[in-house]
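Participant: Here it is: the structure, laid out below.
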Amino acid sequence: MAKITDKEIREKLAVRGPESLSDAELVSIIVQDGGAGESALELAERVLSSAGGSLSRLGGMDLRQLRMVAGLGVKRAAWLAAALELGGRLKREEAVEAQVIAGNQDVVAMFRPLLAELAHEEFWVLYLTTANRVLDRVRVSQGGVSATIVDHKLIVKRAVELLASSMVLVHNHPSGAAHPSPEDLAVTEKLRQAASLFDIAVLDHLIISREAHYSFRQEGLLNE
């Protein structure tokens, strides 16, 4: 069966919309041509293959890494990097606009675009009203949970200032493993005890990695 041509991909986009295109077909639209007798689609498939077929991993590649894909070149690497960054900014903007938290999946959707691809740890606190409406979200440390934490008094002070009824703790694991460390457990309990003095609940602590997430509440670690 003959492969779809670059012209046919463009026609498919025009007639059926971008949602009808595969990942490789979308990348081929961006790179435009393969050069040296190669189609844009063939180059796009090679680019995706270099990222293990994952758009998420491709989005984590910088311009230097994209240029190293054979045949991509500086100009096409720049086009692709710009398109990927626009997609990332859209996800982050949508995440910021979320106003009400109905469950831990909403928190994951809010923070995954911010945290999943980072090479360092960040620790955030999401402050909520009694109706789980977002009052504020604050990055309270950067670099590592055990090393840079997290002054629990400042975190609770901010909750009191906002008249928050509850908060959700969120941090990432760049290693890819979402399971909590002993330090994660200790930090969570310390914050839970400090917040309880002001009748402020810690609803959950979510650990986000590139491939997964871990909810303390779902795993029974925050149940009374």
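Coordinate-derived values only; no laboratory data. Just so it is clear, the model here is predicted, and its values are computed rather than measured. Virtual Cβ from ideal backbone geometry, glycine too; neighbours counted across all protein chains shown.
Participant: Using amide H atoms built in the peptide plane, which far-off residues or other-chain residues are under 5 Å from residue 117 H to H?
Facilitator: none
Participant: If you wrap the range 1-85's Cα atoms in a convex hull and average its projection over all directions, what's the area in nm²? All intermediate terms of the calculation are to be shown ahead of the outcome.
Facilitator: Numbers: hull surface 22.3 nm².
Average of the hull's projected areas for the range 1-85 equals 5.6 nm².
Participant: With each run of n ≥ 4 DSSP H residues scored as -39500 (n - 2.57), what mean residue ellipticity at 222 nm is computed for the chain after dividing by its residue count and rounding to the nearest 500 deg cm²/dmol?
Facilitator: Numbers: 10 runs with 108 residues, N = 224.
Calculated mean residue ellipticity at 222 nm is -14500 deg cm²/dmol.
Participant: Find, to one decimal place in angstroms, the Kirkwood hydrodynamic radius of the range 13-146, where the mean of 1/r is taken over every pair of different Cα atoms and then inverted. Walk me through the numbers on the way to the answer.
Facilitator: On the way: mean 1/r = 0.0586 Å⁻¹.
After inverting the mean inverse Cα-Cα distance, the result is 17.1 Å.
Participant: Would you mind working out the magnitude of the charge dipole of the range 6-94 relative to its Cα centre, with +1 at each Lys and Arg C-beta and -1 at each Asp and Glu C-beta, to the nearest 20 Debye?
Facilitator: Numbers: 13 positive and 14 negative charges, 61 e Å.
Magnitude of the dipole: close to 300 debye.
Participant: Can you sort 23, 33 from fewest to most other Cβ atoms within 10 Å of each residue's own Cβ?
Facilitator: The most exposed by this proxy come first: 33, 23.
Participant: Which values, in whole Å and largest first, are the semi-axes of the equivalent ellipsoid of the range 99-215 obtained as the square root of 5 times each eigenvalue of the Cα gyration tensor? Show your work: numbers first, answer last.
Facilitator: Values: eigenvalues 91, 53, 27 Å².
Values for the range 99-215, descending: 21, 16, 12 Å.
Participant: Express in nm, to one decimal, how much length is gained between residue 157 and residue 181 on full extension, taking 0.36 nm for each residue of separation and deducting their alpha carbon distance. Show your work: numbers first, answer last.
Facilitator: Numbers: separation 24, 0.36 × 24 = 8.64 nm, distance 2.57 nm.
Roughly 6.1 nm would be gained on extension.
Participant: Rounded to the nearest 0.05, what FRET efficiency do residue 78 and residue 139 give with R0 = 22 Å and r taken as the Cβ-Cβ distance? Could you check? Don't skip to the end; give the middle numbers.
Facilitator: Details: r = 30 Å, r/R0 = 1.35.
Efficiency for this residue pair is about 0.15.
Participant: As an exercise, use a Förster radius of 30 Å and the Cβ-Cβ distance of residue 63 and residue 211 to find the FRET efficiency, rounded to the nearest 0.05.
Facilitator: Numbers: r = 24 Å, r/R0 = 0.81.
After rounding, the FRET efficiency stands at 0.80.
Participant: Which parts of the range 15-35 would a label at residue 55 reach, counting a residue when its backbone N lies under 20 Å from a point 7 Å out along Cα-to-Cβ?
Facilitator: 15-33
Participant: Identify the trypsin sites (Lys or Arg not before Pro) of the range 1-62 meeting these criteria: DSSP loop state and at most 15 other C-beta atoms within 10 Å of the C-beta.
Facilitator: Numbers: sites: 3, 7, 10, 12, 16, 46, 57; in loops: 3.
Of the trypsin sites (Lys or Arg not before Pro), the ones in loops of the range 1-62 whose Cβ has at most 15 other Cβ atoms within 10 Å are 3.
Participant: With the crude spin-label approximation of a point 7 Å out along Cα→Cβ, what separation in nm comes out for residue 86 versus residue 198?
Facilitator: The two pseudo-label positions are separated by 4.3 nm.
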